[in-house]
Amino acid sequence: MLNVALTGNVAAGKSTVLTWFAKWGAKIIDADLLVREAQEPGTDTLAAIARRFGKEVLQDDGSLDRAALRGIVLADDQALASLNAIIHPAVRRRRAELAREAADSGEPILINDIPLLFEVLDPKDFDLIVLVDAPVAVRRARLIASRGLAEDDADRLIASQIPADRKRSRSDILIENDGTEDQLRQRAQVAWEQIQQRAVDSPSTPE
């Protein structure tokens, strides 16, 4: 099984590419879903978040108030580091379980959606790194227009990640998202063909 990491800085278009990869036949592990699973009521992770950040990050029903938590960590780098230290070990363990299941079931290609690959994991743990990238100005505009972030919050979120130009040289496949959606789809299709060929060339890549 070819174990692929798909990454990209916030609002680069990675989720759109992930959707296409899934349609084209890849087995997907979605980091956002794993994070939400780890933060469900009753989990050790959510309990740890509440201990660290206080009851104000919980809603009345005991679930996580993501907007409140985001407001805290975007304004405080130390708080963001604390949150990552709580969440990512649980997500990493679950991802490893799902990867083993995919390998055992004979999946030829596994795509791991990992926004913070270079920030919190070791890229060498994966057989192939695919980076989706878009200009900073475009990503900033998307955060403000599509996600409703204030300009300062958008800037802080962008600044919290390693700049994409430092990730490009460490990636095996680059998908540029500086044009139309049709252009992005065409580039994603080329990348998918490269991934498929790599899977054929190295069918016994170890986990």
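The values are calculated or read from the model by the stated rules, or taken from the named source; none is laboratory data. As the structure is a computational prediction, the values presented were derived from the model and not from experiment. No Cβ is skipped: glycine too gets one built from the backbone with ideal geometry, and neighbour counts run over all protein chains shown. Heads up: the accessible areas ignore ligands, DNA and RNA and are worked out on the full protein's heavy atoms, side chains in. Shrake-Rupley method; radii C 1.70, N 1.55, O 1.52, S 1.80 Å.
Points worth noting:
- Amide N of the range 3-32 lying under 16 Å from the label point, which is placed 7 angstrom from the Cα of Ile162 along Cα→Cβ: 5-10
- Using bins of 5 Å that start at zero, the share of Cα-Cα pairs per bin across the range 130-199 amounts to 3, 15, 21, 20, 19, 13, 6, 3, 0, in whole %.
- Listed peptides 24-32, 178-186 appear in the order 24-32, 178-186 once ranked by packing, highest mean of other Cβ atoms within 10 Å at the front.
- Of the DSSP H helices in the chain, those whose Cα atoms cover at least 24 Å axially and whose Kyte score averages -1.0 or more: 77-104
- Mean ellipticity per residue at 222 nm, deg cm²/dmol - from DSSP H runs of n ≥ 4 across the chain, formula -39500 (n - 2.57): -17000 deg cm²/dmol
- Relative to the 2.2 N^0.38 Å rule of thumb, the range 46-161 has a C-alpha radius of gyration ratio of 1.25.
- Radius 9 Å from Cβ of Pro115, net charge of other residues (Lys, Arg +1; Asp, Glu -1): -2
- Carbon plus sulfur fraction of accessible area for the range 83-207, probe 1.4 Å, in percent: 48
- Label-point gap, in nm, between Arg170 and Thr19 - each point 7 angstrom along Cα→Cβ: 2.9
- Value in Å of the Kirkwood radius, where the chain supplies the Cα pairs that are averaged: 18.1
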